[in-house]
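Novice: Starting off with a structure, shown below.
The values are calculated or read from the model by the stated rules, or taken from the named source; none is laboratory data. If you're wondering where the values come from, they're calculated on a predicted model, not measured in any experiment. Methodologically, a virtual Cβ is constructed for each residue, glycine included, from the backbone with ideal geometry; neighbour enumeration extends over all protein chains shown. To get the accessible areas, we keep the full protein, side chains included, count just its heavy atoms, and leave off ligands, DNA and RNA. Shrake-Rupley method; radii C 1.70, N 1.55, O 1.52, S 1.80 Å.
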Amino acid sequence: MAGLARAWSVALRGVDGQLVEIEAAIGGGLPGIHLVGLPDAALHESKDRVRAAVVNSGRAWPNERIVMALSPATLRKTGSSFDLALACCVLAASGVVGQEALDRTVLLGELALDGRLRPVRGVLPCLLAARSAGLGRVVVPAATLPEAALVDGLEVFGADTLNEVLGWLTGDVVLRRPGAVAAGERAAPPDLADVMGQTDARHALEVAAAGGHHLLMIGPPGTGKTMLAQRIIGLLPELGADAALQLAAIRSVAGRLPDDGPLSTVAPFVAPHHSTSMAALIGGGSGTARPGAVSLAHRGVLFLDECPEFGPHLLESLRTPLEEGEVRLARAEGTVRYPARFQLILAANPCPCAPARDRDCICPAQARRRYLGRLSGPLLDRVDLRTRMQPVTALTTLGDEESTDTVRARVLAARAAAATRWAEHGWQTNAEVPGPALRTRFALPRSATRPLDAGLRAGELTARGADRALRVAWTLSDLDGLDRPRRDTVENALYFRDRWAA
């Protein structure tokens with residue numbers, strides 16, 4: 001056998017990377033290229049891309065039998081990010097570069113036929129996987145250096161062509177390094193003071209932001225449902241470093257990460273159109289399952305405007321992510337998991353005709369019930385807060401309403417109180433606390449929970465609904481500066497849950 005070499009790359013399953021060892025053996029039969037290790041169509045075609053890139057870069061391609069193996073062999077490999085590693089491995093087996101230079105080095109990038117190195121999706125989670133595996137150096141396409149700079153603890157290098165990488169491996173070329181990560185600036189969000197009136201809805205939005213609760217707003221067109229939903233981002237705290245990096249990894253896999261932007265610490269706000277597909281909302285697609293809107297809204301807000309217009313199958317598909325905080329997409333080769341812990345905000349008109357005043361409605365009673373009946377009971381049971389928007393009857397003077405900064409100060413104080421209380425248990429917001437914990441270790445006095453008991457006996461509440469009302473009660477107590485909810489706090493939580501008009 002003429003030569004044997006190995007290199008390293010990374011395969012992605014969702015936002016989780018797994019190190020892949022690439023081996024190239026030259027000699028032992030008729031000339032040809034054989035790629036083994038469960039490659040998909042794009043990776044199987046890399047044989048032709050790699051050979052053309054090597055030849056057009058002025059390097060000799062071995063005219064012998066070449067076997068390239070990707071291990072672990074039982075893991076499905078997808079995409080074109082293995083091209084650079086495959087090319088370097090073949091050239092190392094033929095003696096162009098030394099094996100020592102490839103040791104502990106991860107190579108990522110797609111090769112053009114002329115040897116240019118093209119960017120690929122998912123560089124950020126690939127680098128996180130390389131760091132976890134203990135490899136110290138990574139070479140990526142130069143266009144992805146700003147993204148690669150977000151991961152510390154690695155020597156990251158960027159190249160534009162295959163020749164640059166080969167020259168660096170032989171010690172003749174110095175590759176570019178990523179610059180310092182720019183500090184992100186929080187853009188001024190839309191001001192809550194722009195929304196006229198809607199005292200109940202504004203308070204519900206504040207409670208939702210303070211506790212991480214889901215919210216449903218029902219009202220005629222033009223009453224400010226969309227305006228309120230868009231302003232919740234200004235009330236939410238900035239993302240922590242781990243959450244921001246996890247969100248960036250999801251955006252990288254989806255191809256939504258800005259090329260030159262810093263690591264964003266602003267909670268995402270995702271608002272898909274009601275004509276969206278299941279794959280776009282939940283994730284999926286042909287081939288590798290891509291993250292959907294629910295994952296792109298991770299640690300932020302998913303806003304469904306005109307929610308009764310969404311297909312029932314789309315709305316019902318939200319039930320599992322709302323409970324578990326992740327999406328599982330099953331494929332023949334395995335299951336891909338994407339994080340999806342988001343706040344759901346729903347907005348709906350009271351009926352199909354949706355006049356400005358309810359008394360002008362021309363819809364039959366059956367049509368009204370059928371319209372809002374598209375929101376199923378199991379889905380609504382997972383929505384903590386429900387509020388009815390009232391028509392605006394007078395133009396209030398700008399500045400009469402509380403601003404975003406004023407409300408945000410109360411929200412941050414309430415969140416800090418909740419985070420301190422739940423810190424030893426790993427929960428960050430009241431919405432994350434499991435129901436059994438609220439009923440046992442943090443049980444309220446019987447006098448405070450009597451309204452919940454009455455609702456359960458009357459069939460007005462489910463056990464899940466009672467747990468969610470308890471979580472809202474804890475948030476209301478945090479906003480009021482109380483140590484724990486009282487009976488009137490629990491009654492206020494039920495008030496928000498009862499604000500449902502069909």
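Novice: Could you order the peptides 137-146, 462-471 from most to least packed, using the average number of other C-beta atoms within 10 Å per residue?
Specialist: Ranking the peptides 137-146, 462-471 by packing returns 137-146, 462-471.
Novice: Still on this structure, please answer the following. Averaged over every viewing direction, what's the projected area of the C-alpha convex hull for region 342-395? Give it in nm², one decimal, please.
Specialist: Seen from a random direction, the Cα hull of region 342-395 projects 5.1 nm² on average.
Novice: Hey, what's region 1-65 come to in accessible area per residue, 1.4 Å probe, Å²?
Specialist: Result: 49 Å² per residue.
Novice: Leaving out ligands, DNA and RNA, what percent of the accessible area of the chain is carbon and sulfur, probe 1.4 Å?
Specialist: 50 percent
Novice: Send over the per residue convex hull volume for region 74-160, Cα only, as a whole number of Å³.
Specialist: 109 Å³
Novice: Can you pull the percent of Cα pairs in region 308-460 with separation above 23 Å?
Specialist: 62 percent
Novice: Here is a further query. Lone cysteines in the chain, going by a 4.7 Å Cβ-Cβ cut-off?
Specialist: Lone cysteines by the Cβ rule: CYS88, CYS89, CYS126, CYS307, CYS353, CYS361.
Novice: Give me the accessible area per residue for region 421-478, probe 1.4 Å, as a whole number in Å².
Specialist: 47 Å²
Novice: While we're on this one: Grab the beta carbon distance between ARG374 and ARG256, set R0 = 51 Å, and tell me the FRET efficiency rounded to 0.05.
Specialist: 0.95
Novice: May I ask you to derive the FRET efficiency for ALA241 and ARG177 from their Cβ-Cβ distance with R0 = 22 Å, giving the value to the nearest 0.05?
Specialist: So, using R0 = 22 Å, E works out to roughly 0.50.
Novice: Rounded to the nearest 10 degrees, what's the angle between the helix 487-498 long axis and the longest principal axis of the chain, both from Cα atoms, 0 to 90?
Specialist: 70 degrees
Novice: Continuing with this model, one more query. In nm, to one decimal, how far is the modelled label at ALA69 from the one at GLU316, with both set 7 Å along Cα→Cβ?
Specialist: Between ALA69 and GLU316, the label points sit 4.8 nm apart.
Novice: Here's something else I'd like to know. What does the helix-only formula give at 222 nm for the chain: each DSSP H stretch with n ≥ 4 adding -39500 (n - 2.57), the total divided by the residues, and the result rounded to the nearest 500 deg cm²/dmol?
Specialist: It lands at -10000 deg cm²/dmol.
Novice: Okay, moving on. Can you compute the radius of gyration and Dmax for region 11-50, using only the Cα atoms, both in Å?
Specialist: Here Rg and the maximum Cα pair distance are 12.7, 40 Å.
Novice: Let me ask something else. In whole Å, what are the Cα extents of region 1-117 along the three principal axes, biggest one first?
Specialist: Projected onto its principal axes, the Cα set of region 1-117 covers 37, 28, 27 Å.
Novice: Quick one: angle between helix 241-254 and the longest Cα principal axis of the chain, in degrees between 0 and 90, rounded to 10, please.
Specialist: 70 degrees
Novice: According to a simple spin-label model (label point 7 Å from Cα along Cα-to-Cβ), what is the distance in nm between SER403 and ASP358?
Specialist: It works out to 3.5 nm between the two label points.
Novice: Please work out the average accessible area per residue across region 225-289, using the 1.4 Å probe convention, and give it in Å².
Specialist: Using a 1.4 Å probe on heavy atoms only, each residue of region 225-289 averages 42 Å².
Novice: Ok, one more. Note down the net charge around LEU30, summing +1 for each Lys or Arg and -1 for each Asp or Glu among other residues with Cβ under 11 Å from its Cβ.
Specialist: That sum, taken over residues with Cβ under 11 Å, equals 0.
Novice: Using bins 10 angstrom wide from zero, how does P(r) for region 383-487 break down, in % of all Cα pairs?
Specialist: Values per bin, smallest distances first: 13, 38, 29, 17, 5.
Novice: Next up: In region 123-227, what GluC sites (Glu not before Pro) fall in a loop by DSSP, with at most 11 other Cβ atoms inside 10 Å?
Specialist: Hits after loop and neighbour filter: GLU185.
Novice: Right, next: Which percentage, to the nearest 5, of the DSSP beta bridges contained in the chain is antiparallel?
Specialist: 50 percent
Novice: What area, in nm² and to one decimal, does the C-alpha convex hull of region 190-286 cast on average over all directions?
Specialist: 8.2 nm²
Novice: May I pose another question? Run the 1.4 Å probe and let me know the accessible area of CYS307, rounded to the nearest 10 Å².
Specialist: Here the residue's solvent-accessible area equals roughly 0 Å².
Novice: Under 15 Å from a label point 7 Å along Cα→Cβ of SER277: give me every residue in region 302-338 with its amide N that close.
Specialist: Zone members listed by number: 314.
Novice: For an R0 of 35 angstrom, estimate the FRET efficiency from the Cβ-Cβ distance between ASP103 and ALA52 and round to the nearest 0.05.
Specialist: In this case the efficiency is close to 0.80.
Novice: Given 20 °C and 1.002 mPa s, how large is the Stokes-Einstein diffusion coefficient of the chain in µm²/s, with Rh as the Kirkwood radius over Cα pairs?
Specialist: For the chosen part, D equals 84 µm²/s.
Novice: Could you tell me how far the Cα centroid of region 74-146 sits from the Cα centroid of region 399-446, in Å?
Specialist: Spelled out, the Cα-based centre of one part sits 45 Å from the other.
Novice: Another question, then. Rank-order 480-487, 197-204 by packing density, defined as the average count of other C-beta atoms within 10 Å over each peptide's residues, highest first.
Specialist: 197-204, 480-487
Novice: Let me ask something additional. Hey, what angle do you get for helix 123-133 against the long axis of the chain, alpha-carbon based, 0 to 90 degrees rounded to 10?
Specialist: 70 degrees
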